[in-house]
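Novice: Have a look at this one before I ask anything.
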Amino acid sequence: MSSQNPEQRAEQGADQLPAQAEEERREQPVARTGMFGAKTTGDTSGYGRLVVRQSPKVTAPRPYGGPGGAAEPGEFDEIADELERALPDFGDAIERVVVHRGELTFFVRRERLLDVARTMRDEPSLRFELCSGVSGVHYPKDEGAELHSVVHLLSITHNRRVRLEVTCPDADPHVPSLVPVYPTNDWHERETYDFFGIVYDGHPALTRIEMPDDWVGHPQRKDYPLGGIPVEYRGAEIPPPDERRSYV
Amino acid sequence: MSSTKYTEYDAYAAEEAAASGEKQGRVFDVGGQDWDQVVSGAEDLGDERLVVNMGPQHPSTHGVLRLVLTLDGETVDDCRVGIGYLHTGIEKNMEYRTWTQGTTFCTRMDYLAPIFNETAYCLGVEKLLDVTDQVPERAQIIRVMMMELNRISSHLVAIATFGLELGATTVMLNGFIEREYTLDLFEEITGLRMNMAYVRPGGVAQDLPSGALSKIRDYLDRMPKRILALRKLLDENPVYLARTRDIAYLDLTGCMSLGITGPMLRATGLPWDLRKSQPYCGYETYDFEVATQDTCDVYGRYLVRMQEMEESLKIVEQCVERLQRVKGPVMIEDKKIGWPAQLAIGADGMGNSPRHIAHIMGTSMEALIHHFKLVTEGFRVPAGQAYSHIESPRGELGAHVVSDGGTRPYRVHFREPSFVNLQATPAMAEGGMVADVIAAVASIDPVMGGVDR
């Protein structure tokens, strides 16, 4: 069925995006509506009533494989095995394991994040001695786990990478700080607090880092508009872009 | 209305008007945050300590960086770093543009290493699209060549500004003039000297213009001598050695716990270079050495940067040799992803090539549809997340790319090496002399555009 024509082949390839069972997809929360994301009259695409649902939360089956693929047991299985051995209640600490695009992600329960990170760093067979920082992601539709704090770990000893993901609800945005284990996370956690409002318990001085100290709101959250802040210039105030005159 | 002719323009009119009681805008000063507390806290101690606010507009802080130093005589007792003065919300803006337009934003983060920002981002997008293997070989070679040229220009600025901050204008002038030649190459190839948005998801924006290779060859002939001249100026210079040797010591343990990568890490003796250890863009096929020193000080970091420039020249040479052999497209063949425009540099700058316009307007309806869909709406990226990492001139540059399956990034976060490495300033500066703070900051080589994003 594969065509020789590159254009046709590309089209067929696009149809073969990761398939999901229709009913499984329909259960997922809505990620966005419309095509271009325009909320008002800007959408001329005719796709205004399109509903795009979030991808289902998957758990990767064994074997996890390695960065090259998941056909046979690889280094990801080694990492998981070693962590399971070093952490007796692995099943309690790790909610699920995802292998996607050659990357291994452990979803860690937030109460156990410090344990897991310490084991990852100190266990000689794991030895993730370098932390590549924290990145926050806001999923407003992911009820009970709106805020995600994503940590990338690097093992120079074994030349491997792994990702730890922790979630917390918007109503209780607390995640334990990793500064005691990885001091480099000092600024990263301040940044994520600044942009997402995730409070890192145990951080030595959790203050804003990029925005001014008296700033209201956390700009990288999805409910925070782009622009929308009046600009003061030489005593005059210029309204935010979304409130300026429009011809609609 | 006042005249705009400069001979009639009164520069003091506004101030005079203000003095005579007219309404004036808000006055900004260097106070704010907990500055008053810091000052009064030091006053209460009643000792000889002095709190100095260095920056954010100090010429030797390498950009808009604020250092709050507590001094006991000439010794730094306490050092705190304040950043955020150049925060421009690049990551937020990228969520409102298509995946391809993202390169235009992220190229402006670390403005001395734009090609690296673009490549890190594009590798992340390609990983999510699962098309890493389909990027044409020629595009990968061009990427490598551009990155290595960019590494040279970035290191030249690092060394040049470093000289300037220590008071040596000769180093500055020499470094910047050589950088100009590198930027000329960028202009020749991409049309822009900085912020090129040249690397795109799926390949690069356009192929090399004719004659570019011979210009690069001229550059390759010229540069080794120039780097040697810089080395002659600095390597054994007693003044330079006195300012850099055993200054701002940070060993491997410190680097590991603070997450420091790049030349600072390699100056502790650990040959950790992502180009070798976790190769991307085909770096495993190039022949080069990882520069290391074991002195853990400013001088060692300088030597690492010098050697890296020489190694980069070697890589560029291999790229030129390959580019002569390897022909073919520079953008992924998949028409659903590859940017359709065949850009060309015309008399009025870069734009769509007349051939492409004729093709989409005259002969192919399907090409027109693809062009329209890709340019207005962009391609879709399957939901998921990916972390791509490359060795930028300052260390590990990572891009955490998250997609919800739409035509725009759901979230892009950059792990900027400048941001991470700058955290080491207190560790290197406290207990030393105040003059060495400047050397410490300069040896980190932070770019505030990258720190604040």
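Novice: Residues in region B:272-289: is at least one assigned to a loop (DSSP other than H, G, I, E, B), aliphatic (A, V, I, L, M), within 14 Å of chain A (Cβ to nearest Cβ) and in contact (Cβ under 8 Å) with a residue 60 or more places away in the chain?
Specialist: no
Novice: Something else about it: What number of residues within region B:259-271 are of a type in the set (A, V, I, L, M, F, W, C) and more than 12 Å from chain A (Cβ to nearest Cβ)?
Specialist: Of the residues in region B:259-271, 2 are of a type in the set (A, V, I, L, M, F, W, C) and more than 12 Å from chain A (Cβ to nearest Cβ).
Novice: Might you check whether a residue that is without any contact (Cβ under 8 Å) to a residue 24 or more places away in the chain, closer than 27 Å to residue B:253 by Cβ and either β-branched (Val, Ile, Thr) or not in a loop (DSSP other than H, G, I, E, B) (or both) occurs anywhere in region B:291-310?
Specialist: yes
Novice: Testing residue B:415 on (1) away from chain A (no Cβ under 12 Å); (2) within 18 Å of residue B:118 (Cβ to Cβ), one condition comes back false. Which one is that?
Specialist: (1)
Novice: Then there's this: Within 11 Å of chain A (Cβ to nearest Cβ), over 27 Å from residue B:291 (Cβ atoms) and in contact with a helix residue (DSSP H, G or I) (Cβ under 6 Å, 6 or more places away or on another chain): does that describe residue B:453?
Specialist: Considered against the rule, which asks whether it is within 11 Å of chain A (Cβ to nearest Cβ), over 27 Å from residue B:291 (Cβ atoms) and in contact with a helix residue (DSSP H, G or I) (Cβ under 6 Å, 6 or more places away or on another chain), residue B:453 comes out as yes.
Novice: Let me ask something else. Could you please tell me which pairs satisfy a Cβ distance under 6 Å, a separation of 6+ or placement on different chains, a first residue in region A:189-202 that is of a type in the set (Gly, Ala, Ser), and a second residue that is not in a helix (DSSP H, G or I)?
Specialist: Every condition considered, the pairs that remain are A:197/A:173; A:197/A:218; A:202/A:176; A:202/A:177.
Novice: Can you tell me how many residues in region B:213-228 are of a type in the set (A, V, I, L, M) and either out of contact with any helix residue (DSSP H, G or I) (no Cβ under 7 Å at 6 or more places or on another chain) or modelled with pLDDT under 90 (or both)?
Specialist: Matching residues across region B:213-228 total 1.
Novice: If you don't mind, another one. What is the one condition in (1) under 18 Å from the mean Cα position of the chain (by Cα); (2) at pLDDT 85 or above that residue B:70 does not satisfy?
Specialist: (1)
Novice: Sticking with this structure for a sec: Within region B:256-271, can you find the residues that are in a loop (DSSP other than H, G, I, E, B) and surrounded by fewer than 24 Cβ atoms within 10 Å (Cβ to Cβ)?
Specialist: B:269, B:270, B:271
Novice: So, one more: Any idea which of B:220, B:208, B:213, B:228 is among the aliphatic types (A, V, I, L, M) and farther than 15 Å from residue B:145 by Cα?
Specialist: Just one listed residue meets the conditions, B:228.
Novice: I'd like the residue in region A:77-106 that is free of Cβ contacts under 8 Å to residues at least 40 places away in the same chain and of a type in the set (A, V, I, L, M, F, W, C) and, out of all such residues, is nearest to residue B:280 (Cα to Cα).
Specialist: Once the filter is applied, the top-ranked residue is A:99.
Novice: Which strands (runs of 3 or more DSSP E) sit wholly inside region B:332-440 and have at least 1 residues that are surrounded by fewer than 24 Cβ atoms within 10 Å (Cβ to Cβ) and out of contact with any strand residue (DSSP E or B) (no Cβ under 6 Å at 6 or more places or on another chain)?
Specialist: Qualifying strands (runs of 3 or more DSSP E): B:343-346, B:349-352.
Novice: Take residue B:135 and decide whether it is surrounded by fewer than 20 Cβ atoms within 10 Å (Cβ to Cβ), touching a Gly at 6+ places or on another chain (Cβ under 8 Å) and not acidic (Asp, Glu).
Specialist: no
Novice: In region B:160-184, which residues are of a type in the set (A, V, I, L, M) and crowded, with 24+ Cβ neighbours inside 10 Å?
Specialist: Selection gives nothing.
Novice: Here's another thing I want to ask about it. Answer yes if at least one residue in region B:230-250 is within 14 Å of chain A (Cβ to nearest Cβ), touching a residue at least 24 places away in the same chain (Cβ under 8 Å) and buried (at least 19 other Cβ atoms within 10 Å of the Cβ), and no otherwise.
Specialist: Yes; the residues of region B:230-250 include at least one that is within 14 Å of chain A (Cβ to nearest Cβ), touching a residue at least 24 places away in the same chain (Cβ under 8 Å) and buried (at least 19 other Cβ atoms within 10 Å of the Cβ).
Novice: Yes or no: region B:375-398 includes at least one residue that is more than 12 Å from every other protein chain (Cβ to nearest Cβ) and of a type in the set (D, E, K, R).
Specialist: Checked region B:375-398: at least one residue is more than 12 Å from every other protein chain (Cβ to nearest Cβ) and of a type in the set (D, E, K, R).
Novice: Separate question: Taking region B:120-171, which residues are in a helix (DSSP H, G or I), touching a residue at least 60 places away in the same chain (Cβ under 8 Å), of a type in the set (Val, Ile, Thr) and within 14 Å of chain A (Cβ to nearest Cβ)?
Specialist: B:125
Novice: Could you count how many residues in region A:164-193 are part of a loop (DSSP other than H, G, I, E, B), at the interface with chain B (Cβ under 9 Å from one of its Cβ atoms) and buried (at least 22 other Cβ atoms within 10 Å of the Cβ)?
Specialist: 2
Novice: What are the residues in region A:126-160 that are at the interface with another protein chain (Cβ under 7 Å from one of its Cβ atoms) and in a strand (DSSP E or B), if any?
Specialist: Of everything in region A:126-160, those that are at the interface with another protein chain (Cβ under 7 Å from one of its Cβ atoms) and in a strand (DSSP E or B) turn out to be A:130, A:131, A:132, A:133, A:135, A:137, A:150, A:152.
Novice: Please go through region B:415-445 and pick out each residue that is more than 14 Å from residue B:250 (Cβ to Cβ) and of a type outside the set (A, V, I, L, M).
Specialist: Scanning region B:415-445 gives B:415, B:416, B:417, B:418, B:419.
Novice: Output the number of the condition that residue B:408 fails; it satisfies all remaining conditions of (1) touching a helix residue (DSSP H, G or I) at 6+ places or on another chain (Cβ under 7 Å); (2) under 20 Å from residue A:196 (Cβ atoms).
Specialist: Residue B:408 satisfies every listed condition except (1).
Novice: Name the single residue that is farthest from residue A:190 (Cα to Cα) among those in region A:159-172 being touching a residue at least 24 places away in the same chain (Cβ under 8 Å) and touching a helix residue (DSSP H, G or I) at 6+ places or on another chain (Cβ under 8 Å).
Specialist: If we take residues in region A:159-172 being touching a residue at least 24 places away in the same chain (Cβ under 8 Å) and touching a helix residue (DSSP H, G or I) at 6+ places or on another chain (Cβ under 8 Å), then A:160 is farthest from residue A:190 (Cα to Cα).
Novice: Quick check, is residue A:206 facing another protein chain (nearest Cβ under 9 Å) and either in a strand (DSSP E or B) or surrounded by fewer than 23 Cβ atoms within 10 Å (Cβ to Cβ) (or both)?
Specialist: no
The values are calculated or read from the model by the stated rules, or taken from the named source; none is laboratory data. These numbers come from a predicted model, not from an experiment. Reconstructed Cβ throughout: ideal geometry from the backbone, glycine too, with neighbour counts over all protein chains shown.
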